[in-house]
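Input: a single structure, listed below in structure tokens.
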Amino acid sequence: MRRGSIVQLVAIGALCGAGAALAALLIPWLPHAASEQAGRIDFVFWFVTAICIGIFALVAAVIIYAVLNFRAAPDDDSDGPPIHGHTGLEIVWTAVPAVLVTSISIVSAVVLARNDHVPHTSAAEGANPLAPLVVDVTAQQFFWTFKYPAFDNLTSSTLKLPVDTPTELRITSLDVTHSFWVPEFGQKQDAVPGSTTKLVITPTRVGTFPVICTELCGLGHALMRSAAEVSSLAKFQTWTKSSAQQGAPGPGGASGKTVFVNNGCDGCHTFKPAGSHGTVGPDLDKLAAEAQRAGQPLEQFIKESIVNPNAYVEPGFPKGVMPGTFSTLPKTQLDALVTYLAQGAGR
Ligand code: CUA
């Protein structure tokens with residue numbers, strides 16, 4: 001091979017590689033990582049991207065060089081010279097990808113293993129009394145519930161986490177398969193009815209990030225969102241204390257509004273007293289008129305619509321969207337919810 005050809009090949013390859021590298025680096029493809037685990041996953045992405053850029057540069061250089069130098073003349077209808085295999089070349093183009101793919105699988109396996117591991121705070125930094133924090137995540141059509149077993153099963157409709165605290169999410173579903181995803185935390189994890197899946201998160205940044213369902217789970221799938229609120233350790237502890245004192249969301253006694261919000265009713269329904277604007281289900285500000293159309297007394301209508309949602313479906317809304325799982329609400333919570341809705345519906 002002439003020296004000029006090699007210079008030309010290398011120059012084209014460097015140009016294409018530089019272009020691809022700029023596209024990779026200048027465009028913010030990945031969310032700004034907010035957990036240790038997401039940082040590791042980002043590393044895998046960049047590791048693979050670097051390999052891809054190298055291969056892209058090589059292939060593009062050979063193609064462009066061939067187009068420039070081996071173009072047939074317009075009147076040249078002859079066949080090209082017959083070529084047999086080149087053993088050395090074939091070994092190289094089999095061995096190099098094999099090495100690359102193997103290295104990707106090793107890096108991925110190491111990252112997945114480390115991400116699944118719940119780090120226990122070492123004695124040196126033993127200042128974090130909460131680590132590891134366990135949160136029970138429950139998915140159902142179409143909302144998330146977060147429960148904190150270490151705090152008397154304190155329940156929240158948003159995922160509240162203290163920063164820098166290794167946290168184990170135990171994820172399950174009450175109805176169909178959902179999938180838990182916070183882009184800034186990196187990893188997705190399915191929520192499967194009848195089993196519990198695990199996801200370890202160590203938040204590294206204070207802030208509010210979206211919790212998104214990434215498994216098509218029904219009509220309200222696109223609206224099945226919550227928030228992950230990462231705060232300082234002190235702020236998190238204040239929250240657990242004040243919530244426990246209100247006695248609010250625990251089992252048993254609960255205010256109607258708390259039941260409404262904690263069960264995600266606000267995700268699908270508009271209801272002025274709760275300040276919600278959902279449009280998946282009927283407008284609860286108009287409950288009185290709806291009860292009349294259904295021919296039932298207001299409170300009885302509300303209760304039945306919660307416990308047995310398909311008994312009467314408001315015209316204009318499809319059947320089978322409102323989940324029947326609320327029939328398992330404890331009686332005190334159900335009663336509080338019915339009273340809250342009946343009062344808010346403006347008797
Ligand atoms: Cu739950 Cu999609």
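Below are the figures for this structure:
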{"read-out": "Within segment 268-287, considering residues that are within 20 Å of Pro318 (Cα to Cα) and assigned to a helix (DSSP H, G or I), the one modelled with the lowest pLDDT", "value": "Cys268"}
{"read-out": "All positions within segment 173-202 that are over 15 Å from Ala38 (Cα atoms), within 13 Å of the ligand (Cβ to nearest atom), part of a strand (DSSP E or B) and of a type outside the set (S, T, N, Q)", "value": "His178, Asp190, Ala191, Pro193"}
{"read-out": "Leading residue by the ranking (nearest to the ligand (Cβ to nearest atom)) among those in segment 203-219 that are under 14 Å from the mean Cα position of the chain (by Cα) and closer than 24 Å to Arg40 by Cα", "value": "Cys213"}
{"read-out": "Whichever residue in segment 90-118 is among the polar types (S, T, N, Q) and surrounded by 13 or more Cβ atoms within 10 Å (Cβ to Cβ) and, among such residues, is nearest to Val44 (Cα to Cα)", "value": "Ser108"}
{"read-out": "Residue match in segment 70-78 (condition: of a type in the set (A, V, I, L, M), out of contact with any strand residue (DSSP E or B) (no Cβ under 9 Å at 6 or more places or on another chain) and at pLDDT below 95)", "value": "yes"}
{"read-out": "Ile171 being in contact (Cβ under 8 Å) with a residue 60 or more places away in the chain and surrounded by 20 or more Cβ atoms within 10 Å (Cβ to Cβ)", "value": "no"}
{"read-out": "From Val137, Val163, residue being surrounded by fewer than 20 Cβ atoms within 10 Å (Cβ to Cβ), at pLDDT 90 or above and touching a Lys or Arg at 6+ places or on another chain (Cβ under 9 Å)", "value": "Val163"}
{"read-out": "Residue in segment 34-57 that is aliphatic (A, V, I, L, M), closer than 30 Å to Pro132 by Cβ and not in a helix (DSSP H, G or I) present", "value": "yes"}
{"read-out": "Glu215 vs. criteria modelled with pLDDT of 90 or more and either among the small types (Gly, Ala, Ser) or touching a His at 6+ places or on another chain (Cβ under 9 Å) (or both)", "value": "yes"}
{"read-out": "Enumeration of residues in segment 1-14 that are out of contact with any Phe, Trp or Tyr (no Cβ under 8 Å at 6 or more places or on another chain) and surrounded by 14 or more Cβ atoms within 10 Å (Cβ to Cβ)", "value": "Gly13"}
{"read-out": "Cβ-Cβ under 8 Å pairs, at least 6 apart or on other chains, segment 198-219 side farther than 24 Å from His269 by Cβ, far side within 16 Å of the ligand (Cβ to nearest atom) and not aliphatic (A, V, I, L, M)", "value": "Lys198/Gln189; Leu199/Phe180; Leu199/Gln189; Phe209/Pro183"}
{"read-out": "Residue in segment 220-236 that is nearest to Pro282 (Cα to Cα), counting only those that are within 16 Å of the ligand (Cβ to nearest atom), outside any strand (DSSP E or B) and in contact (Cβ under 8 Å) with a residue 12 or more places away in the chain", "value": "Gly220"}
{"read-out": "Among residues of segment 310-347, those that are in contact (Cβ under 8 Å) with a residue 24 or more places away in the chain and farther than 18 Å from Ala288 by Cα, counted", "value": "11"}
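The values are calculated or read from the model by the stated rules, or taken from the named source; none is laboratory data. Predicted, not measured: the structure shown is a model, and the values here were computed from it. Quick reminder, even Gly has a Cβ in these numbers, built from the backbone with ideal geometry, and neighbours come from all protein chains shown.
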